Amino acid sequence: MSQVNVKTKSRLSSRIQDIKPSGIRRFFDLASSMDNIISLGVGEPDFTTPWNIREASISSMERGFTAYSANAGVLELRQEITKYMYQRFDVDYDPETEVLVTVGASEAIDIGCRAILDPGDEVIIVEPGFVSYSPLVSMAGGVPVSVGTKIEDDFKVSAEQIRAAITEKTKALMISFPNNPTGAVMLKEDLQEIAALAEEHDLIVFSDEIYAELSYDNKHFSFAALEGMKERTILISGFSKAFAMTGWRLGFVMAPPDLLAAMLKLHQYSLMCAPTMAQYGALEALKSGMDDVERMMQSYKQRRGFFVESFAEMGLACHMPGGAFYAFPSIKATGLTSEEFAEKLLYEERVAVVPGNIFGVGGEGHIRCSYATSMENLQEATKRMNRFVSKYL
Amino acid sequence: MTEKELEILRIIEEDARIDFNTLAKMTNISEEEIEAILKKLEKKKVILNYSAVIDWSKVPQAEQVTAMIDVKVTPKRGVGFDEVAERIYRFSEVQALYLMSGAYDLQVVIEGKTMQEIARFVSEKLSSIDSVISTTTHFQLKKYKHDGIIFEEGEEDRRIVVTP
């Protein structure tokens, strides 16, 4: 008879125990315990979802569209998604076999990892990057391998940097441009050398392009639009950032049929389908929301101009972010670590920012400041930050 | 019109009080150039005025009544509606005047202190103009949104303070 020692056996899996608690959590707790703070710590638009989208979703409920949808999502929505992605970013996918509507882009990252990774498979993650990549790779049994980018390179990643991290076990590469938290973008020519490397080492490339519409200086170029890359790309996007729909939890993933079928298998067992009423809102977003996207994009662009310039006046180095809505200034000149800076700034001036180190390798010495907030808030926040920084310079 | 001029117009339409320094940073156009652009647009009467949107219903001593009056007129040979329009818009009570398509010709927006004041304007001044055939007066009961601004909206930031 086998014996199980119930006293020493943990209730939790070793996989989950190995995952560090989110670094953002501590700052959230700190910041929420204080009143009258100006938050530059929010990773979502300050706009409310445009009314026509909300109205379409309300109307879908009034008409009784409250049942499950197809596992992959409402077909009409998948058709609109492929049309939109073709028109905007020059990528051509089949709505029937190559698109899946997910519960946020985060689900797409999760099921993408679980669909392709065997235990021990390595995934190279370009950092600073979104906080979920590494834990989701780990939870899928993979091994995250960080490659850090630097302010001197405008936070772009080069093929050499990636090449240096490739081993026999490397299965995939995770990139996200425009980037959260750096705001970095990669142009076609920047991506081309990475495509060659992916080809050479037969890598699957996760390209998280959730901020694609928020590209200010150049039109976004999709990794999947590069010659031959569609076959090896898991292209992830969604409605949260461009259409100000974060709370709707609606994203999508596009991939070749074999990869998509595998992700669909996971999706149908764990989620069944994305919320139907959110899907009808998204359908309206694609049909008539582009003017709103443009309006919001212009507004972010103007705030970016104001905000980034302010760091130069404070004496902090900051590269011009080409996309997303974050500035990622270096605070090294103050002699403080990212966490010290963020914590002191919060206590002394009541401005919340996110310490850069929580976004992985290359993030230490920086802070992430979101300019998705009103001009009034930005003006007041920069005034306070200026006062704070001058104590250390 | 250049892209720069358009961008400046769109920003000051939202906030006419924005200072040149902020505007310069937002648009990446120098303060001097912004000043020159504004001067030019003022001179060309593209920018006509910089005014405030005020909710007068919150000011007790400034109670006022707004009415929209649909006016049917007989257009005059040679000058069409313009002559009668001018006769109407010159009255200081007239806040706005539009030539409309559809069931009537002119829409007059008029503000007065009381309903009586507006009634007097309609009967004594407007209806007595020769080419005016008929008038239909609608009083505004409540202002929900004006010039793109929602009056009663206290939409606060509902986002949680720190998110990835």
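Readers should treat all values here as calculations from the given coordinates under stated rules, not as data from a laboratory. These numbers were taken from a predicted model, which means no experiment stands behind them. Note that we place each Cβ from the backbone using ideal geometry, even for glycine, and neighbour counts take in every protein chain shown.
Numbers below:
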| quantity | calculated |
| --- | --- |
| Some residue of the range B:88-108 being assigned to a loop (DSSP other than H, G, I, E, B), more than 18 Å from the chain's Cα centre (by Cα) and surrounded by 14 or more Cβ atoms within 10 Å (Cβ to Cβ) | yes |
| Every residue from the range A:114-137 that is in a strand (DSSP E or B) and either of a type outside the set (D, E, K, R) or over 12 Å from the mean Cα position of the chain (by Cα) (or both) | A:Glu122, A:Val123, A:Ile124, A:Ile125, A:Val126 |
| Odd one out for B:Glu63 among (1) touching a residue at least 24 places away in the same chain (Cβ under 8 Å); (2) within 12 Å of chain A (Cβ to nearest Cβ); (3) within 25 Å of B:Glu153 (Cα to Cα) | (2) |
| Meets criteria (surrounded by 20 or more Cβ atoms within 10 Å (Cβ to Cβ) and either touching a strand residue (DSSP E or B) at 6+ places or on another chain (Cβ under 8 Å) or within 14 Å of another protein chain (Cβ to nearest Cβ) (or both)) for A:Gly120 | no |
| Complete set of residues in the range A:169-210 that are of a type in the set (Lys, Arg) and in contact with a strand residue (DSSP E or B) (Cβ under 6 Å, 6 or more places away or on another chain) | A:Lys169 |
| The lone exception for A:Leu250 - which of (1) surrounded by 24 or more Cβ atoms within 10 Å (Cβ to Cβ); (2) under 20 Å from A:Ile162 (Cα atoms); (3) in contact with a Ser or Thr (Cβ under 8 Å, 6 or more places away or on another chain) it fails | (2) |
| Scope the range A:101-160; condition farther than 19 Å from A:Gly323 by Cβ and touching a His at 6+ places or on another chain (Cβ under 8 Å); matching residues | A:Thr102, A:Glu107, A:Ile111 |
| Test result for A:Ala317, among the aliphatic types (A, V, I, L, M), under 18 Å from A:Asp154 (Cα atoms), in contact with a Gly (Cβ under 6 Å, 6 or more places away or on another chain) and touching a residue at least 60 places away in the same chain (Cβ under 8 Å) | no |
| Residue within the range B:56-74 that is over 28 Å from B:Glu111 (Cβ atoms), surrounded by fewer than 11 Cβ atoms within 10 Å (Cβ to Cβ) and not aliphatic (A, V, I, L, M) present | no |
